[in-house]
Amino acid sequence: MFRMIFVNLPVADLDRSKAFYEAIGFHNEPKFSNEAAAMMVLSDTISVMLLTHPFYATFTRKPIADANNSSQVMLCISCESPAEVDRITDAAGAAGGKVDVSQVDQTKGGPMYGRDFEDPDGHQWSPMWMDPQFAEQGAHPVEETTQATRPETIVCNQEGTMPINPNASIEITAFAWVPEFAQGVVRDLRARWALEEAGLDYRVQLLGQTRPAEYLQEQPFDQVPVLRDGTLQIFESGAIVQYIGEKSEALLPSDAESKYRAIQWTYAALNSCEPAILNLLLIDIFFTGQEWAKLRRPGAEDFVKLKLKRLSDWLGDKQWLEGDRFAIGDLVMITVLRFLRHTDLVAGFPNLDAYVKRGEARPSFQQALSDQLAAFAANEPQLEPEGAAA
Ligand SMILES: N[C@@H](CCC(=O)N[C@@H](CS)C(=O)NCC(=O)O)C(=O)O
């Protein structure tokens with residue numbers, strides 16, 4: 001068969017590297033190039049993919065080696081079918097290599113099927129099959145639209161367990177970084193958790209403190225999250241979770257009665273519980289120490305306790321709000337109750353406490369949380385070195 005090799009190289013300055021490779025005889029293939037990557041063709045069979053460091057980091061759990069001091073490549077080879085990808089990877093495993101080493105799972109459908117393995121020295125290989133029709137069209141037009149309309153898009157640059165698939169059709173917005181008190185409760189967590197439960201790939205547009213002006217056309221309150229899926233764009237985490245739920249029986253049962261009982265609990269979480277809980281959170285975090293807040297706090301706490309008692313009474317010894325089956329109402333309710341993590345109020349109701357812990361123990365929650373936190377860690381503002389301002 002006609003076989004190609006793509007040598008993936010991390011580069012600090014994409015334009016500089018493109019110019020360098022052009023100068024030594026490669027030519028750029030615009031169909032597979034964007035602001036994060038450039039395909040540089042040497043021959044019909046050999047190409048180099050230049051990847052910016054943030055983009056390169058989405059494919060490996062390891063720190064990016066400084067090629068001036070150590071050797072580092074990721075070798076991607078084309079295969080004629082997904083089965084051949086499996087055959088090579090499995091053979092590598094049988095021969096003592098580590099297999100499926102990256103956090104990106106490219107075996108769940110989509111235009112590419114890929115796996116990866118490390119040779120005994122840790123060099124990463126990625127056998128990959130690409131749908132010929134997709135190869136014909138190229139990924140560039142999609143990337144071009146995304147980049148053109150969303151100037152503040154930051155390609156996720158997390159190390160670790162990011163399930164991000166840059167080619168996923170679903171995209172959510174999240175913050176690149178928030179202060180510690182908000183880390184782990186920003187509402188894109190709901191979307192991430194639901195997507196994990198549903199087993200749907202997604203990518204993330206990370207936003208800074210100043211959102212692009214056109215973001216208001218998507219989220220009138222300038223907040224996160226927004227979910228985009230093709231031409232569909234929706235805001236409000238409850239609506240987003242319901243949309244994802246509609247795609248997965250695991251989150252939203254299809255029979256009308258169970259479905260609407262799950263939906264009612266998302267409204268209850270957002271409308272009957274969240275306002276009281278958020279009120280207390282604001283008093284404790286934002287207005288702490290202010291005279292009026294000190295006066296208001298006991299009443300605000302009592303109101304929260306009343307909500308928790310009602311919820312605890314309803315839950316009784318059930319596993320989830322409607323019995324044995326976890327659904328979107330539980331997902332949203334648990335994220336609402338987590339806004340009280342700075343208090344011991346939930347612990348005052350052992351069945352509710354166990355309910356929240358049950359939710360948090362779900363692998364999908366853990367994945368979603370660690371991905372949100374990984375973004376914050378990767379985008380932690382750097383303190384200016386002493387004397388830098390001078
Ligand atoms: N009701 C909205 C609330 C969204 C919301 O408050 N998002 C917060 C993060 S958790 C935000 O973007 N805050 C920034 C701001 O309001 O400027 C939802 O559930 O989606």
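Among residues of the range 1-29 being of a type in the set (A, V, I, L, M, F, W, C) and touching a residue at least 60 places away in the same chain (Cβ under 8 Å), the one that is surrounded by the most Cβ atoms within 10 Å (Cβ to Cβ) is Phe6.
Matching residues to (1) out of contact with any helix residue (DSSP H, G or I) (no Cβ under 8 Å at 6 or more places or on another chain); (2) among the hydroxyl-bearing types (Ser, Thr, Tyr); (3) closer than 21 Å to Pro179 by Cβ; (4) touching a residue at least 60 places away in the same chain (Cβ under 8 Å):
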residue: Gln209; (1), (2), (3), (4): yes, no, yes, no
residue: Arg228; (1), (2), (3), (4): yes, no, no, no
residue: Leu252; (1), (2), (3), (4): no, no, no, yes
residue: Ala262; (1), (2), (3), (4): no, no, no, yes
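Among the residues that make up the range 258-281, is at least one of them under 19 Å from the mean Cα position of the chain (by Cα) and under 18 Å from Met333 (Cβ atoms)? No, because not a single residue in the range 258-281 is under 19 Å from the mean Cα position of the chain (by Cα) and under 18 Å from Met333 (Cβ atoms). From the list Ala276, Ala269, the one residue that fits, being out of contact with any strand residue (DSSP E or B) (no Cβ under 6 Å at 6 or more places or on another chain), buried (at least 17 other Cβ atoms within 10 Å of the Cβ) and in contact (Cβ under 8 Å) with a residue 60 or more places away in the chain, is Ala269. Taking residues in the range 169-185 that are in contact (Cβ under 8 Å) with a residue 12 or more places away in the chain and assigned to a loop (DSSP other than H, G, I, E, B), and partners anywhere that are within 12 Å of the ligand (Cβ to nearest atom) and of a type in the set (S, T, N, Q), the pairs with Cβ atoms closer than 7 Å and at least 6 places apart or on different chains are Gly184/Gln372.
Candidates are the residues of the range 230-240 that are closer than 16 Å to Ser169 by Cα and modelled with pLDDT of 95 or more; the one that is nearest to the ligand (Cβ to nearest atom) is Ile240. When the range 90-113 is filtered for residues that are over 26 Å from the mean Cα position of the chain (by Cα) and surrounded by 16 or more Cβ atoms within 10 Å (Cβ to Cβ), the ones remaining, listed by number, are Ala92, Gly97. The residues of the range 168-221 that are of a type in the set (S, T, N, Q) and surrounded by fewer than 18 Cβ atoms within 10 Å (Cβ to Cβ), listed by number, are Ser169, Gln183, Gln209, Thr210, Gln217.
Summed over the range 177-192, the residues that are of a type in the set (Asp, Glu) and more than 15 Å from Leu207 (Cα to Cα) give a count of 1.
The set of residues in the range 178-195 that are away from the ligand (no atom under 12 Å from the Cβ) and modelled with pLDDT under 95 contains only Glu180.
The values are calculated or read from the model by the stated rules, or taken from the named source; none is laboratory data. From a predicted model like this one, the values you see are computed outputs, not experimental measurements. Glycine gets a Cβ as well: all are built from the backbone with ideal geometry, and neighbour counts include every protein chain shown.
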